[in-house]
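Here's the structure, in structure tokens; my notes come after.
Derivation of every value follows stated rules applied to the coordinates shown; laboratory data play no part. Note that the structure is a prediction, hence the values are computed from the model and not measured. Heads up, the Cβs are rebuilt from the backbone with ideal geometry, glycines too, and the neighbour counts pull from every protein chain shown.
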Amino acid sequence: MCNRTGIVGFGNEGSAGYIHTQIVSSLQGMELTAICDLNPRTLEFAKTVYPEIQSTSDVEGLIGDPTVELITLCTPPNTHYDLAIKFLRAGKHVIVEKPFCFTLQESYDLISVAEREKRIVTCYQNRRWDPDFLAIRKALASNLIGDLFYMETFVGAHQQPCDYWHSDANVSGGLLYDWGAHYIDWILNLVPSKTAKVMGTTHKKRWHSVSNADHVKAQIFFQDGQEANFIYSDIATAPKPKWYILGSQGAIVGDWNTVTYVERNSMKFFIETAMPTTEINPTLTLTKEDQFGNTFRQELPMGPKKFDGFYSNLADHILTGEELLVTPESASRVVAVLETATKSARNGGIPHVLVI
């Protein structure tokens, strides 16, 4: 038995939709059944990669296609809510690429429709299977740094934003909704407490050709006293560590790593290309004192990255009843923080109460 799956928003090689098709088509318990995209050139490319798979630009036809049981939405964020509602009402399970949607009310609507139709709706939080996140979660569960009270996370550099929809605030939801959808999910899964209030700030200093902010910060205060910050910047000439975590008995710092690969072209010149730092495991260093008051450091081990972790769990949940790890309720919490931080930033950084 397989989950017959359609991908809406295929894109090109290396894009999110393409990556989803690669995972689905290679995974036991999943069957790639249909690819949908509005761009004729994209569909032609899809046919060269998957000549036996149905390729269509007819979204409405796919909604009514009884052979497709599960849909993955890889379309721009401002389409997620409407499309997810339509596919759920048609009786299909729905995976939504991050961000899940734009508002807490939209997330409640998606959950309500899914429950009524007895279908699953979830967000593609694939980075819960990233080795650094898993290593940090294990370290906290093992009480290696005592009681967690402060966490800071960062992503960014000083770079020209892309000129695609990611940089259009009306389409993307704004800079915070991009990487923030992953980082806030990490934070909420590492801090064992409900949120109490959220603050957000933004800066627009350099990249005026796009509508996204240049620099955003979300600050979360939890009911049990913990504090967590997330910073995403396109004007950071000196990047901060990816992770900076303080506990009552120690700390964990995650430093970015750079990996390059070398290719030789037809003229026998060697070309060196840096891989995206976001796709490279950081170095995690645990720092704490021993019983004699001496400070020591050790690197935390990390396992291999499980690229199909999300889909494996979802397939097993549908087919065998395994616990669903990325629940719609957890996706809803992320949206609530993103929406509240965005509202706070628009109001000058005033803290907003959020208990969730």
In the structure displayed, which of Lys242/Lys306; Lys98/Lys242; Lys98/Lys288 lie more than 31 Å apart, Cα to Cα?
Lys98/Lys288
Over the Cα atoms of the chain, each weighted equally, I'd like the Debye log10 I(q)/I(0) at q = 0.08, 0.12 Å⁻¹, rounded to two decimals.
-0.43, -0.96
How do Thr103, Thr273 rank when sorted from fewest to most other Cβ atoms within 10 Å of their own Cβ?
Thr273, Thr103
In a Gaussian network model over the chain where Cα atoms closer than 10 Å are linked, find which of Ala181, Ala236, Ala274 has the largest mean-square fluctuation.
Ala274
Please give the helix 180-190 orientation as an angle from the longest Cα principal axis of the chain, in degrees from 0 to 90, rounded to the nearest 10.
60
Only helices counted: for the chain, with every DSSP H run of 4 or more residues adding -39500 (n - 2.57) and the sum spread over all residues, [θ] at 222 nm is -9000 deg cm²/dmol
With the contact rule set at Cα under 8 Å and sequence spacing of 6 or more, what percent relative contact order holds for segment 3-124?
22
Whole-Å semi-axes of the ellipsoid equivalent to segment 3-124 (Cα gyration tensor, √5λ, descending)
23, 15, 13
Take the chain, connect every pair of alpha-carbon atoms lying under 10 Å apart with a spring to form a Gaussian network, then pick out the residue of Pro304, Pro239, Pro282 with the largest mean-square fluctuation.
Pro304
Taking the alpha-carbon centre of each part, the distance from segment 95-109 to segment 141-157 in Å is 26
Mind sorting Phe292, Phe269, Phe102, Phe149 by how few other Cβ atoms lie within 10 Å of their own Cβ, fewest first?
Phe292, Phe269, Phe149, Phe102
Residue among Asn212, Asn39, Asn189 with the largest mean-square fluctuation in a Gaussian network model of the chain, springs linking Cα atoms under 10 Å
Asn39
Just want the ordering: Tyr150, Tyr50, from fewest to most Cβ atoms lying within 10 Å of their own Cβ.
Tyr150, Tyr50
For segment 70-223, rounded, prolate or oblate, judged on the Cα gyration tensor with a ≥ b ≥ c (square roots of eigenvalues), a/c < 1.5 rounded, else prolate if a/b > b/c?
oblate
